[in-house]
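The values are calculated or read from the model by the stated rules, or taken from the named source; none is laboratory data. Bear in mind the structure is a predicted one, so any value in this text is a computation, not a measurement. Positions of Cβ are generated from backbone atoms using ideal geometry, with glycine treated the same way; all protein chains shown enter the neighbour counts.
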Amino acid sequence: MSSSEKKQAGPKKPALTDKDKNTLLAALAIVALAAAAYVLFLSEPSDSPSDGFEFVGYLANAESAAFLYDTRGADDGQTQAIYQCGVDLISKGIVAGKNLVNIGCDADGCLSTTSTGNGSSSLTYEQAKKKVSPMPYILIKPAQQSSFSFYQRHMEIHIGKNITNASSCSIKVSAE
């Protein structure tokens with residue numbers, strides 16, 4: 001190899017020392033621990049579809065519960081039925097004795113109130129979902145057809161178009 005070829009190849013990089021290797025290994029261990037901590041403590045818990053009994057048990061044992069009224073895209077009748085559905089469920093006592101969070105969302109954002117405070121706060125829909133996700137919650141929203149579904153940590157009630165009353169809100173879980 002000529003001297004001009006050696007100069008073009010550039011200087012040879014030094015090998016990593018044992019101290020550098022240990023520092024790199026420690027940094028990788030810290031990153032792995034941080035990722036594990038995020039998964040365990042900061043990420044939202046899983047919420048898979050359920051037969052309803054898991055959600056009912058979760059709700060029964062919780063100190064707090066929430067209603068998330070999503071009226072985005074609802075017509076006037078659906079909007080009224082969405083809120084009436086929540087009122088009907090609350091009046092039936094399914095959340096009696098619990099700290100209750102109510103969040104109503106429309107195209108302009110969400111407004112949150114709690115049974116333990118006198119104030120309210122404005123949120124985005126994503127912030128509202130994050131606020132209710134640590135507790136059992138009931139999401140009531142518009143849809144083409146009325147239906148309901150259970151998940152491990154929440155329940156969804158869909159209020160269909162052309163609804164004339166909140167009868168679609170009469171949800172029963174039975175072991176039949």
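So Lys131 fits all but one of (1) more than 18 Å from the chain's Cα centre (by Cα); (2) modelled with pLDDT of 90 or more; what number is the exception? Exception for Lys131: condition (1).
Going by the conditions given, is Ala66 under 17 Å from the mean Cα position of the chain (by Cα), assigned by TED's automatic domain parsing to the domain that holds Tyr125, part of a strand (DSSP E or B) and touching a residue at least 60 places away in the same chain (Cβ under 8 Å)?
Working: under 17 Å from the mean Cα position of the chain (by Cα): yes; assigned by TED's automatic domain parsing to the domain that holds Tyr125: yes; part of a strand (DSSP E or B): yes; touching a residue at least 60 places away in the same chain (Cβ under 8 Å): yes.
So Ala66 passes the test.
Please verify whether the range 56-68 includes one or more residues that are over 30 Å from Lys161 (Cα atoms), at pLDDT below 90 and among the acidic types (Asp, Glu). No, that holds for no residue.
Going by the conditions given, is Val39 at pLDDT 80 or above and either aliphatic (A, V, I, L, M) or part of a helix (DSSP H, G or I) (or both)?
no
Checking each residue in the range 86-123 for being more than 24 Å from His158 (Cβ to Cβ), part of a loop (DSSP other than H, G, I, E, B) and touching a residue at least 12 places away in the same chain (Cβ under 8 Å) picks out Ser115, Thr116.
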